[in-house]
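Readers should treat all values here as calculations from the given coordinates under stated rules, not as data from a laboratory. Because the structure is a prediction, the values reported are computed rather than measured. Here the Cβ positions follow ideal geometry from the backbone for every residue, glycine too, while neighbour counts run over all protein chains shown.
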Amino acid sequence: MVSYIMPNWVLTLYLVALVGVFSLPHKSLQAQNDLDTAKANLLLHLSEEYWYIFPDSSIFLSGEAISLIDTTQHKKLLSHAYSCYGTSYYLKGNYALSLDYYFKALHLDEEMKDSSFAAATLSNIGNVYMVQGEYAEADEFFTSALYIKNLLKDHKGIGHTVLSIANLNSLNGNYNAALENALKALVIFDSLHDREALVTVYVTLGGINNNLNNPEKALHYYDFALVISRESKDYQNECIILLNIGNVYSYLGDSKEAIIYFENALIAAQEIDFLAGLSNSFEKLNLEYEILHMPEEALMYYKLFVTIRDSLMRKENVGALLKKSLEYKFEKERELSALVENEKRKRQNLIIIVILALLCGSLFIVLLVYRLYREKNKANLLLEYKNSLINIQHKEIRDSINYAERIQSAKLPPKEELKGIFPQSLILFLPKDIVSGDFYYFEKKHERIFIAAADCTGHGVPGAFMSLICNEHLTIAVHEFSDPGEILTHINKGIKSSLRQTDSIESTKDGMDIALCSINLEKRIVDFAGAFNPLWIIRKGGIEVEVIGANRRSIGGFTNDEQNFDSHTIQLHEGDTIYIFSDGFADQDGGPKGKRLMNKNFKKELIKIQKNPMHEQETYLKDFIINWRGEREQIDDIIVIGIRL
């Protein structure tokens, strides 16, 4: 079997162009009247423009767009923004974050019952799995996407997904199936007269036929692709196709024909300053001239290849070097013709001309390298100066955050106070950043002990500000009321009043999720109320987790001013254990597949360690979540409180 001879970068561009990873369904998002939505649409359009050249800028623009989107009204636009995030992280090679954002987009698509958007997102997820070598998962998502697109009769979408499946077949070594699916895509795009898509189909068929040891058919399909690319003046695809054709001729042993195509690829790359194309063209020409035993030409192209590879070439220098190489080639041809006509008479003059040409060329290269060296030094000095300014600013910011952390820590009750009343207890507190949006609360009032685990909007500095506001309102409410439900109802009104939250679109939507318990130690009675966060109970000797549900409303934000929170009274017995927590533990990505832990697995771990003392449970949970996370980033603040009566 003949391997498909193609450089890594060509294969990468070929796959990206082919699978349609980054396209949304072919229908425009509904126009919005408000200015913020118009700005968000513009930012997302710019984000797509930067996908291939500046993925970091694309990520920044997507984030700015999301900050402008009303998530309750413009879910379709939010789904689009998540897809932009996913694509940007894909191009950076961060496949875990790419999948995370694609799955967020898919969740919104399914919530809106938008089959067209869901099909596009399923295809995107399949492509991420494919480049990671997870072929079974990729096939599953491609199959789901294809099923929906068939129902919608989305012929163009069907064509792209079938082409993705063809690539998957090829990667699996199933070239016959790959050929069959690629031909299906050819029929579809030919009927749609989609010439841009036909280019990718022909390139795919060329690669498959080359792998099937059929270079003649491969050249036939490459020629079709080349004609369309030239008609549309698509110089990048033209360069890639010419390189593939040159590779076929090189494999067939026809170096002279291969050189013609590699030189044409060089010209196409120069049209758009396509550095990857220039680099590969120089490298291929160097190799072919070595095969033909032409060391001078081989050396010239090798030097050009090294210059591009080391990223020292700028646009004007590329042009100058190309011009010099062509002048050199024409001069050699002229000299060769003169030598044939009058070799004896002009031998001495020819040698002098060649020596002078080589000296001039060497001098030119020396001057060019010296100029680039000076420019590089100048750029390095400027970079060092900017870095020093950034380091100073970073230190000032870090010092401010550290001071904020000391303030926040002073507001949290010492863990020793809780252990003084509940010897068998744990508090696992793991902020994502230096300061946290989660906080725990402890207060003794008469015969009752109040304890809470709270999760405020955001994390880091914004979350810390919210935690201080919410902590203060919680303290005031506990002093005024005794029933947990009344306390949360009062906090909701207080926070909405403090933050001036209304139904207006400009109003802030920050708030808090919380689990609040009031414990009567003597009677072993727990009164509980929660905003999204539940209470878990594991009875002594039990093997199941008893869940006391919370109201499905947050404190503040979108919650109505008159929202009442329900209280629950639970009779406990000696040896029973209760747990309250934020969502950070269960939502953490990790494990062998990079998926979220989820509540069901959190429960399993608690049941597994139920016979252990509480201090051992705290150590176990901390070690478990760190090992589960592995090298991945902690995605949210974590707080878990456990008390055994």
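What is the angle, in °, between the Cα long axis of helix 115-131 and the longest principal axis of the Cα atoms in the chain? Nearest 10 is fine, range 0 to 90.
Helix 115-131 and the main axis of the chain meet at about 70 degrees.
Could you list which residues have their amide H under 5 Å from that of K540, counting only those 5 or more apart in sequence or on another chain, with H placed in the peptide plane?
Residues meeting the criterion, in which the H sits 1.01 Å from N, are D576, T577.
At 0.36 nm per residue, and after removing the present C-alpha to C-alpha distance, how many nm does the segment from E140 to M294 gain when stretched out fully?
Details: separation 154, 0.36 × 154 = 55.44 nm, distance 5.18 nm.
Result for the pair: 50.3 nm of gain on full extension.
Would the stretch 414-644 count as rounded, prolate or oblate if I go by the C-alpha gyration tensor, calling it rounded below 1.5 in a/c and otherwise prolate when a/b exceeds b/c, oblate otherwise? Don't skip to the end; give the middle numbers.
Working: a/c = 1.78, a/b = 1.15, b/c = 1.54.
Taking the square roots of the gyration eigenvalues as a ≥ b ≥ c, the stretch 414-644 is oblate.
Points 7 angstrom from Cα along the Cβ direction at E271 and R230: gap in nanometres?
In this crude label model, E271 to R230 measures out at 1.0 nm.
How many angstrom lie between the C-alpha centres of the stretch 416-430 and the stretch 219-284?
First find each Cα centre; the distance between them is then 69 Å.
Suppose R0 equals 35 Å; then what is the FRET efficiency for E49 and N560 from their Cβ-Cβ distance, rounded to the nearest 0.05? Don't skip to the answer; put the middle values down first.
Working: r = 42 Å, r/R0 = 1.19.
Taking R0 as 35 Å, the efficiency between E49 and N560 is 0.25.
Can you tell me the 0 to 90 degree angle between the C-alpha axis of helix 255-271 and the longest principal axis of the chain, rounded to 10?
Roughly 60 degrees, rounded to the nearest 10.
What label, among [x] 15, 36, 29, 15, 4, 1; [y] 18, 51, 26, 5, 0; [z] 18, 48, 28, 6, 0, belongs to P(r) over Cα pairs in 20 Å bins from 0, in percent computed from the structure on display?
[x]
Provide the net charge surrounding D587, with neighbours chosen by a C-beta distance below 14 Å and charges set as Lys +1, Arg +1, Asp -1, Glu -1.
Working: positive: K104, K432, K595, R596, K600, R629, R632; negative: D100, D438, D455, D513, D583, D589, E633, D636, D637.
Net of charged neighbours comes to -2.
Can you give the angle from 0 to 90° between the axis of helix 155-171 and the longest principal axis of the chain, with both taken from C-alpha atoms, to the nearest 10?
For 155-171 against the chain, the angle is about 80 degrees.
Please go through the stretch 532-634 and write out the chymotrypsin sites (Phe, Trp or Tyr not before Pro) that DSSP classes as loop and that have at most 16 other C-beta atoms within 10 Å.
Numbers: sites: F532, W536, F558, F565, Y579, F581, F585, F602, Y620, F624, W628; in loops: F558, F565, F585.
Those satisfying the criteria are F558.
Quote the relative contact order of the chain in percent (integer), defining contacts as alpha-carbon pairs under 8 Å separated by 6+ residues. Walk me through the numbers before you get to the answer.
Details: 959 pairs, mean separation 50.7, N = 645.
It rounds to 8 percent for the chain.
Return the calculated 222 nm mean residue ellipticity for the chain, to the nearest 500 deg cm²/dmol, obtained by summing -39500 (n - 2.57) across DSSP H runs with n ≥ 4 and dividing by the residue count. Please report the intermediate quantities before stating the final value.
Working: 21 runs with 413 residues, N = 645.
Calculated from helices alone, the mean residue ellipticity at 222 nm is -22000 deg cm²/dmol.
Grab the beta carbon distance between E443 and E111, set R0 = 41 Å, and tell me the FRET efficiency rounded to 0.05.
Values: r = 39 Å, r/R0 = 0.96.
Efficiency, from the Cβ-Cβ distance: 0.55.
If packing is taken as the average number of other Cβ atoms within 10 Å across a peptide's residues, how do 188-199, 541-552 rank, most packed first?
Details: 188-199: 16.9, 541-552: 13.9.
The packing order, highest mean first, is 188-199, 541-552.
Through the Karplus equation 6.51 cos²θ - 1.76 cosθ + 1.60, θ set to phi - 60°, convert the phi angles of the stretch 475-492 into ³J(HN,Hα) values in whole Hz; use x for Gly and Pro.
Result, ordered by residue: 4, 5, 5, 5, 5, 8, 10, 10, 7, x, x, 5, 4, 5, 4, 5, 4, 4 Hz.
Along the Cα→Cβ direction, 7 angstrom out, place labels at S67 and Y373. What is the inter-label distance in nm?
4.5
Quick one: compute the contact order of the stretch 119-186, relative version, from alpha carbon pairs under 8 angstrom and 6+ residues apart, as a percent. Could the numbers behind the result be given before it?
Details: 74 pairs, mean separation 18.2, N = 68.
Averaging sequence separation for qualifying contacts and normalising by length gives 27 percent for the stretch 119-186.
Averaging sequence separations of C-alpha pairs under 8 Å and six or more residues apart, then dividing by the length of the stretch 536-645, give the relative contact order as a whole percent.
Numbers: 122 pairs, mean separation 38.5, N = 110.
Relative contact order of the stretch 536-645: 35 percent.
Magnitude of the Cβ-charge dipole of the chain, K/R +1 and D/E -1, about the Cα centre, nearest 20 debye?
Values: 67 positive and 84 negative charges, 217 e Å.
Dipole of the chain, to the nearest 20 debye: 1040 debye.
In nm, to one decimal, how far is the modelled label at K608 from the one at Y147, with both set 7 Å along Cα→Cβ?
Going from the K608 label point to the Y147 one covers 3.3 nm.
Go through the stretch 434-516 and name the trypsin sites (Lys or Arg not before Pro) that are in a DSSP coil and have 11 or fewer other Cβ atoms within 10 Å of their Cβ. Don't skip to the answer; put the middle values down first.
Values: sites: K444, K445, R448, K493, K496, R500, K509; in loops: R500, K509.
Of the trypsin sites (Lys or Arg not before Pro), the ones in loops of the stretch 434-516 whose Cβ has at most 11 other Cβ atoms within 10 Å are R500.
Tally Lys and Arg at +1 and Asp and Glu at -1 over the other residues with C-beta under 15 Å from the C-beta of F189: what net charge comes out? Display every interim value, and only then the final one.
Values: positive: K149, K156, K184, R195; negative: D154, D190, D194, E196.
Net charge around F189: 0.
Suppose R0 equals 30 Å; then what is the FRET efficiency for I353 and E257 from their Cβ-Cβ distance, rounded to the nearest 0.05?
0.50
Could you sort 254-263, 356-365 so that the peptide with the highest average Cβ count within 10 Å comes first and the rest follow in order?
Working: 254-263: 18.4, 356-365: 12.3.
Taking the mean over residues of other Cβ atoms within 10 Å, the ranking is 254-263, 356-365.
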